[in-house]
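Worksheet for the structure shown next.
None of the figures in this text is laboratory data; all of them are computed from the coordinates on show. Since this is a predicted model, take the numbers as computed values, not measurements. Cβ placement follows ideal geometry from the backbone for every residue including glycine, while neighbour counts extend to all protein chains displayed.
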Amino acid sequence: MENNVRPESMARITTPELAEAFIEEQIKEIREQVGDKKVLLALSGGVDSSVVAALLIKAIGKQLVCVHVNHGLMRKGESEQVIEVFGNALDANLVYIDATDRFLDLLAGVSDPEQKRKIIGAEFIKVFDEEAAKLDGISFLAQGTIYPDILESIKAAESGKPVKSHHNVGGLPEDMAMELVEPVKLLFKDEVRVVGEALGLPHGMVYRQPFPGPGLGVRCLGAITRDRLHALREADAILREEFANNGLEGKVWQYFIAVPDIKSVGVKDGVRYEGWPAIIRAINTTDAMTATIEEIPYSLLHHITHRITHEVEGINRVLMDLTPKPIGTIEWE
Ligand code: XMP
């Protein structure tokens, strides 16, 4: 637990120089911890795991095996991008596993958010343990845990009232065969980005908006179905495309669609058309502990609404979530 507390003397990493010092220190620590053993990394393609990958590649090179599990809950095009960037451009030791059916079958009929998170987290560990067994000689599991994950888990443990069990912290089986390597676990998100740039990762990757470990699983609210998950993924892709086209991509910290398990009555081509609502969430924050709402121009909201309701099968309404954190968390589940 002590290792999970950020020392008061630790300066905030705001400059390339401070990032360099952090990187040097981490490289030393990683080499000491790992020796000549192999490390398995859960590479989701998000900022945190990408930065951890770059850090580990620098520290231990080919002793790192990156495993990208496509749990079927990725955003549109995301797994393909992971293969392109890490498998091709960075020439990492990358294993790609398509576990879509495995995850979606396990999640079928499960509507409780905490249970969903625990199933996804535990299944991830299982997949990695299985991979480790196949790969032979893997001793460590690296993770992109960051400080807000730890703070919320500590707060939850102290109060006895969990906010939500974060994918990177909860759900680890006690008999897990591998020791953890979590080099950015004392950093806030903005610091992870400074470190990522200092490591030479592409700007677009480092400033990519965060994506939760359980992925679209916590945005396809309630029990996940393949058709609603598909609608969510398509609507989310439209939102991202429109934000990029309208100069909001680098400006808004996090934006996404959530789709609840509710149907309302609509009308399409003169015929009754029941569909789900797509909920737009667009927030700004520095450390994900609190968040404010981005004010999107109405003209753009109208355009996005038109596109989503006309291009995505099964969506007949678009809503905007105006709730700050607190009282809402950033994700809906
Ligand atoms: P909440 O919903 O707790 O989210 O206000 C705060 C930030 O964390 C992201 N998030 C996660 N990240 N594993 C992660 O790595 C998770 O299980 C997880 N759940 C939420 C969320 O997207 C937001 O940026």
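Between the Cα long axis of helix 47-60 and the first principal axis of the chain there is an angle of about 20°, rounded to the nearest 10.
The alpha-carbon atoms of the chain define a convex hull whose volume equals 141 cubic angstrom per residue. Of 115, 143, 254, which has the largest mean-square fluctuation in a 10 Å C-alpha GNM of the chain? Looking only at 115, 143, 254, the largest GNM fluctuation is found for 115.
Starting from 0.36 nm per residue, how many nanometres of slack lie between residue 136 and residue 246 once their C-alpha separation is accounted for? Contour length minus Cα-Cα distance gives 34.8 nm.
Provide the gained length on full extension for the span residue 8 to residue 298, in nm with one decimal, where the gain is 0.36 nm per separating residue minus the Cα-Cα distance. Contour length minus Cα-Cα distance gives 100.0 nm.
The angle between the Cα long axis of helix 147-159 and the longest principal axis of the Cα atoms of the chain comes to about 80 degrees, rounded to the nearest 10.
Equivalent-ellipsoid semi-axes for the range 64-147 (Cα gyration tensor, √(5λ), whole Å, largest first): 23, 17, 12. Using C-alpha pairs below 8 Å separated by at least 6 residues, the relative contact order for the range 219-321 is 28 percent. Pairs of Cα atoms nearer than 8 Å and 6+ residues apart set the relative contact order; for the chain it is 18 percent. Mean sequence separation of contacting Cα pairs (under 8 Å, at least six apart), scaled by the length of the range 192-279, corresponds to a relative contact order of 25 percent.
Modelled spin-label separation between residue 323 and residue 286, with each label point placed 7 Å from Cα along the Cα-to-Cβ direction: 2.6 nm. Here the scattering of the range 219-321 is modelled by Debye summation over its C-alpha atoms, one equal scatterer each and no solvent; at q = 0.21 Å⁻¹ the log10 of I(q)/I(0) is -1.09.
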